[in-house]
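Here is the structure we will look at.
What follows is calculated from the coordinates using simple rules that are stated; it is not laboratory data. Everything numeric here is computed off the predicted structure, so don't read it as measured data. Here Cβ is always computed from backbone atoms with ideal geometry, including for glycine, and neighbour counts include all displayed protein chains.
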Amino acid sequence: MGIWSGGEHRIITKMRMKDALLIFIGTTLVSIAVQYIFDPAKMVTGGVSGLSIVLKNISENIYPGGVPLWFWNVVLNVPIFIFAIIAEGRRSVIRTGLSWIIMSIELAIMPPCPEFLKTDNMFLTAIYGGLFFGLGTGVLLQARATSGGTDMLGKSLHVYLPHISMGRMIQILDGIVVIIGAITFDLEHTLFAIVSVYVTGLVTDKVLDAGKKAKIALIISDKYQEISHDILYDLDRGATSVPGVGMYSNEDKNILICVCSTRDLPDLKKIVKKYDKKAFFVVGTISEAMGEGFVEKWS
């Protein structure tokens, strides 16, 4: 199913609509973190958003209240987007471009941070700022987008400097921004900013890993037929039988392999125990499971 759009009769699929919604949600969470948490605390966590906070603070000497964040978000990202288009082509920046536009608009229309949201507790600021920023970043990455800035610049520079990994390139760029923040503000703000960066990374990984982790069970039992039947029809999970040989007994064995979710594991144990209390049962953790019954979208 799809929706016809414009004279070109292009179909916007449900998946694209879902990605657009994710980009909006992710960008909004990042905007909230920047506008209502990091900026009032003058906490620079890297990226264009951090550099915007620095420049806004510096510009307070010549402009009442400082030149707003949205302005710096636009000005600083324009050359980055031009460079990214030259390095990687226009298609590579479409999703991030949408996030950039949304974030610039949101930063422009969001009211200033109200007094009741401000706090002098820098630790809480670092934690909650990292939480919101990490959630937003994770959601954006799920939609194959970023909020622009150093992520996009690092990705584009990697095209010309392939001997430096993209992750390391982004770390270098963010590190430069954090150092600028330390010079502009003070060491205490910078140390708490590092805490926030750490929280952001943890939360981003959690969002990206959500629904992807699974358990893998290896079951060796003479009752493999009965066990596999209940796995298929009671647990509603798949199972694969692989022939093997016990090296001690030199007997042929059938090894059942079953990939399931964590919540299925107790029921799987009950099935095995029901038919063979002496079965050999090994459980491991899979970082990502793709296919029917798990995350079916291949990115």
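Determine whether region 169-180 contains at least one residue that is over 10 Å from Val44 (Cα atoms), not in a helix (DSSP H, G or I) and not acidic (Asp, Glu).
If we filter region 169-180 for residues that are over 10 Å from Val44 (Cα atoms), which is where we start, we get 169-173, 175-176.
Checking which are not in a helix (DSSP H, G or I) leaves us with none.
No: region 169-180 contains no residue that is over 10 Å from Val44 (Cα atoms), not in a helix (DSSP H, G or I) and not acidic (Asp, Glu).
Considered as a group, the residues in region 57-103 that are in contact with a Ser or Thr (Cβ under 6 Å, 6 or more places away or on another chain) and in a loop (DSSP other than H, G, I, E, B) include one that is surrounded by the fewest Cβ atoms within 10 Å (Cβ to Cβ), and that residue is Val67.
Mind checking which residues of region 46-56 are in a loop (DSSP other than H, G, I, E, B) and either within 14 Å of Ser104 (Cα to Cα) or among the basic types (Lys, Arg) (or both)? Can you show your working first?
We begin by selecting, within region 46-56, every residue in a loop (DSSP other than H, G, I, E, B); these are 46.
Of everything in region 46-56, nothing turns out to be in a loop (DSSP other than H, G, I, E, B) and either within 14 Å of Ser104 (Cα to Cα) or among the basic types (Lys, Arg) (or both).
For region 122-144, the count of residues that are in contact (Cβ under 8 Å) with a residue 60 or more places away in the chain, surrounded by fewer than 20 Cβ atoms within 10 Å (Cβ to Cβ) and β-branched (Val, Ile, Thr) is nonzero.
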